[in-house]
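Undergrad: For reference, the structure I am asking about is given below.
The values are calculated or read from the model by the stated rules, or taken from the named source; none is laboratory data. Here the structure is a predicted model, which means the values were calculated and not measured. Ideal geometry is used to build each Cβ from the backbone, glycine not excepted, and the neighbour counts take in all protein chains shown. When the accessible area is computed, the model is the full protein with side chains, heavy atoms only, and any ligands, DNA or RNA have been set aside. Shrake-Rupley method; radii C 1.70, N 1.55, O 1.52, S 1.80 Å.
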Amino acid sequence: VQLQASGGGSVQAGDSLRLSCEASPRTRVGNAVGWFRQAPGKEREFVSTIGTRGGHTYYAESVKGRFTISRDAAKNTVYLQMNSLKPDDTAVYYCASTYGPTSSYQDVNQYHNWGQGTHVTVSS
């Protein structure tokens, strides 16, 4: 079982993109679904997570105020609205799910069901 990320593309600095993360029907995603990103030559880093029950949201400091995570339970889909994109946001974006506690939401090792990712390129 994997979560499929889509919606990436090549944009200019200041533009917006909306990424989607879709789980197959009857997929048990756990306590939260999160977005991570990995730039060339760098480790995979936390971007944002949303709880699957209360809908609580969490963000990395680098994206607060620019990115918004949301979910549509009926569609089994989590979205990441990315505004005011910067060249530093260039990366492959992945979504995954976790059964871990809130305190572990930024830990990439707590997540599973990784999909293939979607590329985001932001040029200046």
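Undergrad: Just one of the numbered conditions (1) modelled with pLDDT of 95 or more; (2) closer than 19 Å to residue 116 by Cα; (3) part of a strand (DSSP E or B) is not true of residue 4; which one?
TA: Looking at each condition in turn, residue 4 falls short on (1).
Undergrad: When you scan the stretch 17-44, how many residues do you find that are farther than 20 Å from residue 109 by Cα, assigned to a strand (DSSP E or B) and of a type outside the set (A, V, I, L, M)?
TA: 3
Undergrad: Would you check if there is a residue in the stretch 85-98 being polar (S, T, N, Q) and open to solvent by less than 10 Å² (accessible area, probe 1.4 Å)?
TA: Let us first name the residues in the stretch 85-98 that are polar (S, T, N, Q), namely 90, 97-98.
Subsequent filtering for residues that are open to solvent by less than 10 Å² (accessible area, probe 1.4 Å) retains 97-98.
Checked the stretch 85-98: at least one residue is polar (S, T, N, Q) and open to solvent by less than 10 Å² (accessible area, probe 1.4 Å).
Undergrad: Test of understanding: among 100, 14, which residue is over 17 Å from residue 122 (Cα atoms) and in a loop (DSSP other than H, G, I, E, B)?
TA: On the way: 14 fails: over 17 Å from residue 122 (Cα atoms).
Result of the check over 100, 14: 100.
Undergrad: Mind checking whether some residue in the stretch 37-57 is more than 18 Å from residue 8 (Cβ to Cβ) and basic (Lys, Arg)?
TA: yes
Undergrad: Filter the stretch 4-52 down to residues that are open to solvent by 20 Å² or more (accessible area, probe 1.4 Å), in contact with a Ser or Thr (Cβ under 7 Å, 6 or more places away or on another chain) and among the aliphatic types (A, V, I, L, M), then give me how many there are.
TA: The total comes to 3.
Undergrad: OK, next. Among the residues that make up the stretch 57-70, is at least one of them under 17 Å from residue 119 (Cβ atoms), in contact (Cβ under 8 Å) with a residue 40 or more places away in the chain and either open to solvent by less than 10 Å² (accessible area, probe 1.4 Å) or among the small types (Gly, Ala, Ser) (or both)?
TA: Checked the stretch 57-70: no residue is under 17 Å from residue 119 (Cβ atoms), in contact (Cβ under 8 Å) with a residue 40 or more places away in the chain and either open to solvent by less than 10 Å² (accessible area, probe 1.4 Å) or among the small types (Gly, Ala, Ser) (or both).
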